[in-house]
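Below is one structure, written out as structure tokens; the observations come after it.
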Amino acid sequence: MELFLAFCLLLLFYAISKLCKLAYQKRDQRCYMLSYQCQKDAEDRKLDTGSVSSGIGEETYCPRNVIEGREESATLMDALSEMDDIIFDTLDKLFAKTGVSPSEIDIIVASVSLFSPAPSLSARVIKRYKMRKDIKAFNLSGMGCSASVVAVDLVKQLFKTYRNSFAIVVSTESIGPNWYSGKEKSMMLSNILFRTGGCSMLLTNNRALKENALLELTCAVRTHIGSDHEAYSSCIQIYQERAGAKALTMILRVLLPKVLPLSEMLRYKISYYRNKITKRSTPKGIAGPGLNLKSGIDHFCVHPGGRAIIDEVGKSLALNDHDLEPARMALYRFGNTSSGGLWYVLGYMEAKKMLKKGETILMISLGAGFKCYNCVWKVMKDMEDTNVWKDCIDHYPPNTLANPFSEKFDWINDESMRFARHFFVLTS
């Protein structure tokens with residue numbers, strides 16, 4: 001009997017220790033965003049339709065070598081200067097805003113797809129700010145427009161190992177050396193859409209700083225369908241048929257059950273099978289016929305990759321104009337800043353005082369290769385900073401998005417819309 005009691009106590013102790021370990025591990029998986037800082041370039045970098053043959057709105061920004069007419073002969077120094085202007089400007093403001101010293105940073109992730117110099121971009125940051133010798137540095141390249149949220153996911157995974165840490169994510173794109181100088185219309189799409197910009201973020205898993213956080217990462221799902229030839233061949237500038245739809249469908253099937261209430265999932269299942277049995281036609285979309293995303297999501301942060309992509313994502317997920325306004329305005333004001341684009345969308349939401357404590361934000365990013373990354377953030381406090389939108393937020397949304405560029409280059413919207421419609425072929 002005593003042996004049996006001892007065995008039971010041992011088993012109970014083992015179960016309790018396991019539960020404590022799981023709870024402890026879950027505690028260390030927290031990922032809080034303390035602050036973020038988008039870049040706003042100098043006035044002399046603004047690109048209008050009169051100076052160069054491209055544009056989104058009339059106030060987007062372009063690299064110095066393009067403004068100066070040297071797009072065909074960009075140098076290494078041009079590329080480094082473009083990166084330094086964006087990265088150091090955003091980090092200077094981020095450190096000043098948060099009061100966190102560069103010497104306190106434990107992890108740095110730099111994500112730039114089209115430029116990978118040696119020494120690396122993270123090494124340039126470490127050198128400038130005299131960071132510690134034991135800092136964990138990472139550089140991501142070739143990840144396309146989804147790079148910044150992929151970098152955030154990397155930080156989240158690293159937080160499982162490094163407790164009570166600070167991490168910075170720097171995300172931008174190298175535009176100057178990759179400017180197309182030819183006359184082939186299909187190749188001009190990148191010139192039409194992409195502009196300079198970027199963002200730096202400060203993240204932590206220190207629960208003691210929870211009250212200082214703007215956002216908490218609550219759910220993240222990532223998928224990569226590069227094993228499919230068609231998907232591998234696709235790029236965010238030129239959308240290939242089913243690649244985007246396939247990736248987004250796969251990722252939402254995993255993510256939505258984690259964020260939508262059980263009642264909505266049950267209602268959807270009942271409705272789906274009832275319509276299937278009765279052979280009743282149902283509206284189709286990537287998220288599924290009749291699934292109400294707004295039952296668990298308050299805001300939608302859609303990558304501002306282009307007018308066609310924003311419209312097709314909205315159509316597929318049954319989003320209205322209010323839901324898509326931040327993405328459309330970010331595209332119009334700043335252009336497609338690649339992996340930095342989502343944070344201009346978030347900045348618009350904050351400047352418009354849309355984000356209230358307890359609400360949720362779904363971020364949708366798409367990248368070449370083909371990858372899709374969706375994550376859900378919980379708003380930790382009312383967010384009201386006007387950030388890079390400060391000088392113009394009262395004028396947005398404008399009465400019309402028409403501009404001289406629209407009249408001169410409207411063919412590019414028709415072409416990208418055709419690509420987007422192939423891209424978002426509904427597969428659900």
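The values are calculated or read from the model by the stated rules, or taken from the named source; none is laboratory data. Values in this document were obtained by computation on a predicted structure and should not be read as measured data. Note that we place each Cβ from the backbone using ideal geometry, even for glycine, and neighbour counts take in every protein chain shown. The protein model used for the area step is the full one, side chains on, heavy atoms only, and it has no ligands, DNA or RNA in it. Shrake-Rupley method; radii C 1.70, N 1.55, O 1.52, S 1.80 Å.
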Separation in nanometres of the label points that stand 7 Å from Cα toward Cβ, at Lys160 and Leu401: 3.9
Per-peptide average of other Cβ atoms within 10 Å, ordering 72-82, 320-330 highest first: 320-330, 72-82
Where the range 33-151 is the region considered: accessible area per residue in Å², 1.4 Å probe: 42
Segment Ser103-Gln29, length gained on full extension (0.36 nm per residue, minus Cα span): 24.3 nm
Per-pair calculated FRET efficiency, R0 = 25 Å: Leu262 and His322 via Cβ, rounded to 0.05: 0.40
Rounded Å value of the spacing that divides the Cα centres of the range 171-197 and the range 200-226: 30
Residue-count net charge about Gly335 - beta-carbon cut-off 10 Å; Lys, Arg +1, Asp, Glu -1: +1
Segment Glu359-Lys133, extension gain: residue separation times 0.36 nm, minus the distance between their alpha carbons: 77.5 nm
Leu209/Lys183 FRET efficiency (R0 51 Å; Cβ-Cβ; nearest 0.05): 0.45
Accessible surface, the range 166-216, averaged per residue in Å² (probe 1.4 Å): 33
Linear extension gain, Ser295 paired with Glu43, 0.36 nm per residue minus alpha-carbon span: 86.5 nm
Neighbourhood charge, 13 Å Cβ-Cβ cut-off, centred on Glu264 and excluding it, Lys, Arg +1 and Asp, Glu -1: +4
Euclidean distance between Cα centres, the range 81-142 to the range 319-385, Å: 23
Packing-based order for 141-149, 350-358, 335-343, using average beta carbon neighbours within 10 Å, highest first: 335-343, 141-149, 350-358
Cβ-defined net charge surrounding Leu355, 15 Å radius [Lys, Arg +1; Asp, Glu -1]: -3
